[in-house]
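Where a number appears in this text, it was derived from the coordinates with a stated rule and is not lab data. Bear in mind the structure is a predicted one, so any value in this text is a computation, not a measurement. In this analysis, Cβ positions are derived from the backbone assuming ideal geometry, glycine residues included, and neighbour counts consider all displayed protein chains.
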Amino acid sequence: MAAPTEFLTYIDSKADAFIQRLADAVAIQSVSGDAKRRGEVVRMAHWLDGQLKALGVETKLVDLGKHVMDGVELDLPPAILGSIGNDPKKKTVLIYGHFDVQPANKSDGWDTEPFELVIKENGQLVGRGSSDDKGPILGWLNVLEYHRDNQKPLPVNIKFCFEGMEESGSEGLDELVEKESKAGGYFEGVDCVCISDNYWLNDRTPVLTYGLRGLTYFKVTVSGPGRDLHSGVFGRTVHEPMTDLIHLMGRLVDQQGNILVPGVDEMVPPADDEEKAIYEALDYSISDVESAAGGQISLTSNKVDLLMGRMRNPSLSLHGIEGAFSEPGAKTVIPAKVSGKFSIRLVPPQTPEAVNPLVIEYLKSEFAKLNTKNRLEIEGLHGGKPWVADHKHWNFEAAKRATRSVYKQEPDLTREGGSIPVTLTFAESLGVNVLLLPMGRGDDGAHSTNEKLDRSNFIEGSKLLGSYLYELAAISK
Ligand SMILES: [Zn+2]
């Protein structure tokens, strides 16, 4: 059962208003990883809660307690639980999204102000959170608005779970999901889960995602001097923390992406020919990767190897050095304490519990080889297990039918390189099928500068979400 034609034309007719609502959402600087902007994340929760209520959703804001970030105790932003429809004859779908965003400053290299949505002539809607994950969340609001304005019942019952800490490890959410998944909890009766928080592989073929890599994130601190020193006075006189840290970080991964921590790459069994054939069939090329990356810099010219590198193999990336001199100019400082940040994307059967001890042991032994008198401290910042779902389940079948009807295309079935740890929590706590139904394209720059969502992805994507609900209602369990 396809979505009613009036639904599709309604979405088209309201496009400008929907884009304005996206601009309103982008303007709220809900950066969860920035303690100074915590109030903005809370403001975003209230804004979204107001939108949901206005569209007929019964909601509640859930206090998730406190946490410590950068040495400061902060209130976690509330999660939003919502419910609309309670017909026992209908299926119940649980929808997840997040209303926090990655940090963004114009000085990072944005062409425009990151928190002002810019509508470009080519149809791109540029702004932080446009694609990750405010656009997809608002896609659901667009679907609800049609049903409210036309007094149409929804084809399924919907429960919502929106959080404001996804970009900072979803703190507090696992406990909430586990609690509400128990008998008598808010999620009782949920038949399947739909997560709108990832992207197509390229800029032309819709995607359904059945796997995600996990993550384990480290902060490695080297310290020694009692304060920052002058290199003219202390250069070649003391052990310098930065020198030690650079050596250490240089021993984690090689130039071909091989992880140098013994035992980490080795945990993952190699792909057989049947599995390789899945990657060969995907509508994705080396040039897609390079255009999304903005440079001709792919690690290999072999498509299957490249896609497996992204989807089914682990990877280690160096992210930054806290405490290092990073301003313009030629300051001759010797930083007293520097922290290197890196993370490893995990795939089955890897878990943070299995990988972390190998990393810690390796860092300690490599640090010992440096013969330095500085101190080493290793912290795990956050992590999550990888996940794989059954892509032949009716939940996926409904999404395939919706994709065919809206995009006139067969979706690519993919495993995604990123991590959305709560996916696994939903799958394990509820014991139901979880689907990732992305809205944006592979080149949206979700965690990067000039993040965008194409207008057509926002509008057709809203139609896709609505169509998925109608297909869900029609399909037999
Ligand atoms: Zn996201």
In whole Å, what three semi-axes, largest first, describe the equivalent ellipsoid of the chain built from its Cα gyration tensor (square root of 5 times each eigenvalue)? 40, 25, 22
So who's got an amide H within less than 5 Å of the one on Thr414, skipping anything under 5 residues away but keeping other chains? H placed 1.01 Å off N, in plane. Leu208, Thr209, Tyr210
Give me the aspartates and glutamates in straight-line cross-link reach of Lys331: C-alpha distance below 12 Å, same-chain residues under 8 apart excluded. Asp228
Computed E for Asp283/Asp305 - FRET, C-beta separation, R0 25 angstrom, nearest 0.05: 0.90
Provide the net charge surrounding Pro386, with neighbours chosen by a C-beta distance below 12 Å and charges set as Lys +1, Arg +1, Asp -1, Glu -1. +4
Sites matching trypsin sites (Lys or Arg not before Pro) across segment 3-90 that sit in DSSP coil, with at most 13 neighbouring C-beta atoms within 10 Å: Lys89
In the neighbourhood of Ser181 defined by beta carbon distances under 14 Å, the net charge of the other residues (Lys, Arg +1; Asp, Glu -1) is -4
Among DSSP beta bridges lying fully in the chain, give the percent that are antiparallel, nearest 5. 70 percent
Extending each Cα 7 Å along its Cβ direction at Ala183 and Ile297, get the distance between those two points in nm, one decimal. 5.5 nm
Chain lengthening between Glu327 and Glu353 when straightened (0.36 nm per residue, less Cα-Cα): 5.6 nm
Out of Pro270, Leu472, Pro348, whose Cα points farthest toward the positive end of the dipole of the chain (charges: +1 Lys, Arg; -1 Asp, Glu; placed on Cβ)? Leu472
If every alpha-carbon in segment 267-363 counts as one equal scatterer, what log10 I(q)/I(0) does Debye give at q = 0.11, 0.16, 0.17, 0.18 1/Å? -0.54, -0.89, -0.94, -0.99
Let a ≥ b ≥ c be the square roots of the eigenvalues of the Cα gyration tensor of segment 1-107; is it rounded (a/c under 1.5), or, if not, prolate (a/b larger than b/c) or oblate? oblate
Simple SL model, points at 7 angstrom along Cα→Cβ for Thr237 and Arg148; separation in nm is 6.7 nm
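Quick one: net charge around His447, please, counting Lys, Arg +1 and Asp, Glu -1 for every other residue with C-beta under 15 Å from its C-beta.
Result for the neighbourhood of His447: -4.
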